[in-house]
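Please treat every number below as a calculation from the coordinates, not as lab data. As the structure is a computational prediction, the values presented were derived from the model and not from experiment. Glycine also receives a Cβ, built like all others from the backbone with ideal geometry; neighbour counts cover every protein chain displayed.
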Amino acid sequence: MDNDVRVLLVDDDRLILLGLERQLRRKFVIVTASNGDEGLEQLERNEIDAVVSDHNMPEMSGVEFLTRVREQFPHTGRVLLTGSVEVCNRADDLTDAGLVSDVLAKPVHRDVLTAAIERAAG
């Protein structure tokens, strides 16, 4: 078990958040947030190596949230999860722009997500 990497999971769907936490907690130290504003508060309070954010959230989309993370916490790695085909089709644009290291389609296999988090945490 390698619990050195601290990961913030952000998703407005509590069941998805709990599922992700359950999948990842043996490998990483997990902090959770249910929206972008709460995620930014968690980043202020905790040392976080990587953020995994859902895209489709009310009030602040995952892209908007991760843009703010990049501006305020530039050394924190960023991964975007999405169920949107449109966002997946823009994955190269988002990674080329340096917004995220990976865009992953939901549902995502634990091993794929773990590898993305490790890349993001660098």
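Peptide packing: for 73-86, 99-112, the average count of neighbouring Cβ atoms within 10 Å per residue gives the ranking 73-86, 99-112, highest mean first.
Placing +1 at every Lys and Arg Cβ and -1 at every Asp and Glu Cβ, with all other atoms neutral, what dipole size does region 1-70 have around its Cα centre, in debye to the nearest 20?
Values: 9 positive and 15 negative charges, 66 e Å.
Once rounded to the nearest 20, the dipole reads 320 debye.
Here the alpha carbons of the chain define both size measures, Rg and Dmax, at 12.7, 36 Å.
So what is the 222 nm mean residue ellipticity for the chain from helices alone, if each DSSP H run of at least 4 adds -39500 (n - 2.57) and you divide by all residues, rounding to the nearest 500 deg cm²/dmol?
Values: 6 runs with 55 residues, N = 122.
The per-residue figure over the chain is -13000 deg cm²/dmol.
When each of the peptides 23-34, 45-56 is scored by the mean number of other C-beta atoms lying within 10 Å of its residues, the order from highest to lowest reads 45-56, 23-34. Residues whose amide H comes within less than 5 Å of that of VAL51, counting only those at least five positions distant or on another chain, are LEU8, GLY77, ARG78, VAL79 (H built at 1.01 Å from N in the peptide plane). In terms of overall dimensions, the C-alpha atoms belonging to region 20-61 reach 31, 21, 13 Å along their principal axes, ordered largest to smallest. Here region 6-121 is treated with +1 on each Lys and Arg Cβ and -1 on each Asp and Glu Cβ, and its dipole about the Cα centre works out to around 560 debye.
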